[in-house]
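The values are calculated or read from the model by the stated rules, or taken from the named source; none is laboratory data. Worth saying up front: this structure is predicted, and the values here are computed from it rather than measured. Heads up, the Cβs are rebuilt from the backbone with ideal geometry, glycines too, and the neighbour counts pull from every protein chain shown.
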Amino acid sequence: KKSEFGLIGLGVMGKSLTLNLANHGVEVLAYNRQAEGEEHIVPQFLSENSDKPNLRATNQLKEFISELEIPRKIMLMVNAGAAVDAVIEDLLPSLDPGDIIIDGGNSHYHDTKRRNDYLKEKGIHFVGCGVSGGEEGALKGPSMMPGGDKEAYEKIAPYLERIAARDKNDEGCCTYIGREGAGHFVKMVHNGIEYAEMQLIAETYAMLRTAGMPIDQMAELFEDWNQGDLKSYLLEITADLLTVKDGDEYLIDLIYDAAGQKGTGGWSTTAALDVGVPFSTISESVMARCLSAQKPLRIRASRLYGERPVIERDLQTLIPKIKQAYQSARVINHAIGFEMIKKTSEENNWGINLSQLARIWTNGCIIRSSLMEELVSSFKASPEEHMLLAPSFVDLLKGSRKELTEAVSEGLQMFLSLPVYAAALNYLNGFTNEQSSANIIQAQRDYFGAHTFQRKDKPLSKYFHSQWTNK
Ligand code: 6PG
């Protein structure tokens with residue numbers, strides 16, 4: 001009997017998704033190439049899972065292709081980039097029109113559009129599907145963001161929706177996102193939001209640590225915050241990881257403080273620049289990782305610039321301030337991420353439904369949180385509106401603006417680097433000031449380059465140039 005669903009690439013995510021499919025009763029066939037160093041993968045996977053009659057695996061591509069039901073449904077879980085193109089080329093000669101390829105990696109959405117167009121010419125359907133949730137999510141239920149051919153998606157929906165995480169109404173955390181690379185696009189912005197959320201927690205840690213809070217108390221504090229409105233997966237794991245020791249020391253104190261990154265945060269920043277959407281919390285989180293990675297330089301600089309000032313902070317007054325600051329910075333970061341999605345969707349005519357998107361991000365994915373639950377209804381009520389114009393968020397930010405400002409300024413006085421907190425606050429200030437200072441920018445542009453400007457006292461359709469110099 002042929003298998004209903006094929007999966008290529010038995011890396012961490014591929015293995016977990018294959019098992020997830022098998023655990024949901026899908027007849028699944030996995031393939032991993034027989035490359036040097038990878039010979040053991042298929043036999044080992046088979047022996048570990050010999051109890052699952054509906055799961056098969058092979059290292060022979062021919063067998064893989066001939067053993068799949070038609071139309072073939074093949075999910076790729078290989079490294080983003082050249083490997084995806086290489087696998088597609090390997091598959092193409094043996095595929096039949098109507099077959100469906102699903103790319104479940106963190107591919108760039110421009111690549112996904114290109115592959116979509118290329119495969120369409122050959123009669124092959126292509127679905128670029130963002131998958132979030134790491135190893136555990138992939139195994140127990142990830143959040144899935146499929147985009148591309150709608151028609152092809154309908155054919156694979158029963159599989160993806162079955163293995164996805166469940167939302168609070170027991171619906172699958174999987175929904176069709178939009179044409180072309182829309183699925184991978186939202187996964188990329190998801191990762192951007194993820195970067196900034198991670199950095200906000202890191203900055204919170206830095207403020208509390210510098211103000212003298214011991215690690216074990218911080219773990220308790222984060223766990224406590226995680227019981228209320230601030231509940232999120234990232235806060236939960238941080239509370240947990242702060243408890244881990246290696247001998248007498250906290251493991252966190254032994255970890256070399258240079259952050260890695262695989263690109264999605266930076267891609268989302270470039271994409272935001274392309275559409276001209278303010279993206280500061282996210283772009284700053286990428287830059288913070290870049291700066292952290294310059295550790296040797298930072299060591300030298302820290303010796304030259306000396307110690308930070310020792311300022312006594314009363315933790316009891318600082319903690320509630322930071323808590324409110326954290327809550328408001330998160331709201332602003334989400335507003336920035338979703339605004340980027342809305343603008344890009346409009347530009348490409350993707351018709352992305354922000355409420356549905358928030359819904360599939362309420363479980364399975366890395367940025368799941370109570371805030372995300374709130375966004376489902378908030379975007380449903382006003383899908384066109386900027387998130388920060390929703391009355392509930394206006395109230396929240398008005399109520400915590402003072403605390404956000406004080407937390408940032410106190411942190412800066414301790415010489416801490418708080419780029420994402422500061423970006424959130426600056427965004428809020430810029431966003432809510434009717435009068436910006438851009439009149440000066442326009443005047444300067446016109447002064448040196450005759451770039452012209454509009455006037456408040458004249459119709460905006462008219463552009464003016466002035467002979468500026470009084471010299
Ligand atoms: C997820 C994660 C996952 C991964 C990213 C970010 O949603 O499951 O976002 O896809 O962690 O690739 O990785 P980097 O931090 O290495 O860029």
>> Being free of Cβ contacts under 8 Å to residues at least 60 places away in the same chain, surrounded by 12 or more Cβ atoms within 10 Å (Cβ to Cβ) and either more than 19 Å from F338 (Cβ to Cβ) or in contact with a Ser or Thr (Cβ under 6 Å, 6 or more places away or on another chain) (or both): is that true of Q442 here?
In response: yes
>> Within the stretch 117-124, does at least one residue satisfy the condition of being in contact (Cβ under 8 Å) with a residue 40 or more places away in the chain and either surrounded by 14 or more Cβ atoms within 10 Å (Cβ to Cβ) or in contact with a helix residue (DSSP H, G or I) (Cβ under 8 Å, 6 or more places away or on another chain) (or both)?
In response: no
> Is there a residue being under 25 Å from S107 (Cβ atoms), in contact with a Gly (Cβ under 7 Å, 6 or more places away or on another chain) and assigned by TED's automatic domain parsing to the domain that holds S382 anywhere in the stretch 292-303?
Replying inline: no
> How many residues are among the aromatic types (F, W, Y) and assigned to a helix (DSSP H, G or I) when one looks only at the stretch 360-389?
Replying inline: 1
>> Criterion first (farther than 25 Å from F279 by Cβ, assigned to a helix (DSSP H, G or I) and out of contact with any Lys or Arg (no Cβ under 9 Å at 6 or more places or on another chain)) does F431 satisfy it?
In response: no
> Can you tell which of E434, E373, E406, E384 is buried (at least 17 other Cβ atoms within 10 Å of the Cβ), of a type in the set (D, E) and either touching a residue at least 24 places away in the same chain (Cβ under 8 Å) or over 30 Å from E136 (Cβ atoms) (or both)?
Replying inline: E373
> Is there a residue being without any contact (Cβ under 8 Å) to a residue 60 or more places away in the chain and assigned to a helix (DSSP H, G or I) anywhere in the stretch 326-334?
Replying inline: no
> Do you know which residues across the stretch 55-106 are away from the ligand (no atom under 16 Å from the Cβ), small (G, A, S) and surrounded by 15 or more Cβ atoms within 10 Å (Cβ to Cβ)?
Replying inline: A57
> Name the pairs: first residue in the stretch 344-358 and within 11 Å of T175 (Cα to Cα), second residue among the small types (G, A, S) and outside any helix (DSSP H, G or I), Cβ to Cβ under 8 Å, at least 6 apart or on different chains?
Replying inline: I352/G178
>> Need the failing condition index for T317 against (1) in contact with a helix residue (DSSP H, G or I) (Cβ under 6 Å, 6 or more places away or on another chain); (2) over 28 Å from Y233 (Cβ atoms); (3) β-branched (V, I, T), just the number.
In response: (1)
> Is at least one residue of the stretch 300-313 at pLDDT below 95, in contact with an Asp or Glu (Cβ under 9 Å, 6 or more places away or on another chain) and outside any helix (DSSP H, G or I)?
Replying inline: yes
>> Of all residues being part of a helix (DSSP H, G or I) and near the ligand (Cβ under 9 Å from one of its atoms) in the stretch 258-277, which is farthest from L297 (Cα to Cα)? Just the residue, please.
In response: T264
>> I want to confirm something. Restricting to the stretch 363-377 and keeping residues that are polar (S, T, N, Q) and within 16 Å of S328 (Cβ to Cβ), which single residue is farthest from the ligand (Cβ to nearest atom)?
In response: S370
> Restricted to the stretch 233-255, and to residues that are touching a helix residue (DSSP H, G or I) at 6+ places or on another chain (Cβ under 7 Å) and not hydrophobic (A, V, I, L, M, F, W, C), which residue is farthest from the ligand (Cβ to nearest atom)?
Replying inline: K245
> Which ones in the stretch 213-234 are more than 22 Å from A422 (Cβ to Cβ), of a type outside the set (S, T, N, Q) and either part of a loop (DSSP other than H, G, I, E, B) or assigned by TED's automatic domain parsing to the domain that holds G130 (or both)?
Replying inline: P214, G228, D229, K231
>> For the stretch 445-464, which positions are exposed (fewer than 12 other Cβ atoms within 10 Å of the Cβ) and part of a loop (DSSP other than H, G, I, E, B)?
In response: A450, K456, D457, K458, P459, L460, S461, K462
> If the Cβ limit is 7 Å and pairs must be 6+ apart or interchain, which residue in the stretch 251-265 that is without any contact (Cβ under 8 Å) to a residue 40 or more places away in the chain pairs with which residue that is more than 15 Å from the ligand (Cβ to nearest atom) and in a loop (DSSP other than H, G, I, E, B)?
Replying inline: L251/V244; I252/L242
> Taking the stretch 136-151, which residues are surrounded by fewer than 24 Cβ atoms within 10 Å (Cβ to Cβ) and more than 16 Å from the ligand (Cβ to nearest atom)?
Replying inline: D149, K150, E151
> Condition test on F185, is it more than 11 Å from the ligand (Cβ to nearest atom), part of a strand (DSSP E or B), among the hydrophobic types (A, V, I, L, M, F, W, C) and buried (at least 17 other Cβ atoms within 10 Å of the Cβ)?
Replying inline: no
> What tally of residues in the stretch 125-135 results from selecting those that are near the ligand (Cβ under 10 Å from one of its atoms), crowded, with 24+ Cβ neighbours inside 10 Å and not small (G, A, S)?
Replying inline: 1
